[in-house]
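Everything on this sheet refers to the single structure shown next.
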Amino acid sequence: MRFALLGTWHVHALDHLNWALRHEQAEVAVVWDGDETRGRAFAAAHGLPFEKSLAVALASDAIDAVIVDCETTDHPQVIGAALAAGKHVFTEKVLAVDPDDAAALARQARDAGLVLWVSLQRMGEAPHRTIRQIVAEGSIGRVVSSRIRYAHGGAFGTPPIPKGFFEFSAAGGGVMIDLGAHPAYLAMMIHGEVPVSVSAEMSSIAGLGVEDNAAYIMRFPSGAISVAEVSFVNDRFSFSIEVTGTSGMLTCGPVDTVVRLRRAGDDAWVAQPPVLASDDMLSQFINELRSPGRGDALLTLAAEVSSVIGSAYRSAEDARG
């Protein structure tokens, strides 16, 4: 499977390259970037050829699929061009800043019979797979609420985040569109529903030009509520999740990644055996190309994530008046 890496803007571009290098059936054959200086430097650092023309890179019959790690605001143009060229696409979340653009890309991929795979990587991690299984088994009854928090200190340099993540013109937003995507798809996975309303608040602590501290609430058709909290101004990486049902409760983090269950009427929290983590998202993409099955459901979920985040931004703007 020969890939073109389209864009090196995203912080996970190196991760995606390394995933490909570790996969015995994958190869990154060429790098393109709209910022030629940045792209050439990345390609040279990893011993890869650079192509300055996107059209030329996409026209090659030697390229089976593309990995898109360009600026989020450029996703509609770059992903759209790749699909128009008949290439399957793997991309980092979010699919698009504008929910209408996300829906259009999903339609384009489906109409062309191509796989458009968005990296919603937290779904495959052991704690979330464990929670999903316990919820599906009915061990906590009807799910009525959840709380999900993701945070790190990227606005203060730990971990080091490229400056483009704090430029609205490139990222399309701040922490809401980045870390905020994770609670959106995890909540939809847990509740098995799409939100009917989203309300949000956001603020800037570090003063870098975009929001770096945010929270939003999702209300689902069943009446369940999910609270999402995300931040770029935490002192360290922080993750926690709580899921409450009519007959029990699940919790995980922030101290460790053990999923614990407390059943109704019990005082004890019982550690649950973990479900194994799934393969990395690029390996899943390659498996989907060889044996289709999950691609359409993932694409639907990814488009819904763009819709939730777009609604969160509109809510926060309305709250500011």
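The values are calculated or read from the model by the stated rules, or taken from the named source; none is laboratory data. These numbers come from a predicted model, not from an experiment. Quick reminder, even Gly has a Cβ in these numbers, built from the backbone with ideal geometry, and neighbours come from all protein chains shown. Remember, those area values only see protein heavy atoms, side chains included, never the ligands or the DNA or RNA. Shrake-Rupley method; radii C 1.70, N 1.55, O 1.52, S 1.80 Å.
Annotation note: chymotrypsin sites (Phe, Trp or Tyr not before Pro) in region 148-237 located in DSSP loop regions with a Cβ neighbour count of at most 14 within 10 Å are F237.
Highest mobility in the GNM of the chain, judged by mean-square fluctuation with C-alpha springs under 10 Å and restricted to S119, S291, S53, is found for S291.
Tally the DSSP beta bridges in the chain and give the antiparallel ones as a percent, rounded to 5. Walk me through the intermediate numbers first.
On the way: 34 of 59 bridges.
Roughly 60 percent of the beta bridges in the chain run antiparallel, per DSSP.
With charges only on Cβ, +1 for K and R and -1 for D and E, what is the dipole size of the chain about its Cα centre, in debye, rounded to 20?
The dipole magnitude comes to about 660 debye.
Only protein atoms count toward the accessible area here, which uses a 1.4 Å probe; on the chain, the carbon and sulfur part of that area reaches 51 percent. Sequence-ordered 3J(HN,Hα) estimates for region 261-275 from the Karplus curve with 6.51, -1.76 and 1.60 and θ = phi - 60° stand at 10, 10, 7, 4, x, 9, 9, 7, 8, 10, 5, 9, x, x, 7 Hz, glycine and proline given as x.
A 1.4 Å probe, protein heavy atoms only, puts the accessible area of L276 near 140 Å². About the centre of its Cα atoms, region 91-165 shows a dipole size close to 340 debye [charges on the beta carbon of Lys, Arg (+1) and Asp, Glu (-1) only; nearest 20 debye].
Our helix-only sum for the chain, with -39,500 (n - 2.57) per DSSP H run of n ≥ 4 divided by its residues, gives a mean residue ellipticity at 222 nm of -10500 deg cm²/dmol. In the context of the full set of protein chains, the chain has a per residue accessible area of 43 Å² (1.4 Å probe). Between beta-carbons, use under 15 Å as the cut-off and find the net charge around D279, counting Lys and Arg +1, Asp and Glu -1. Overall, the nearby charge balance is 0. The distance separating the Cα centre of region 28-61 from that of region 244-321 comes to 34 Å.
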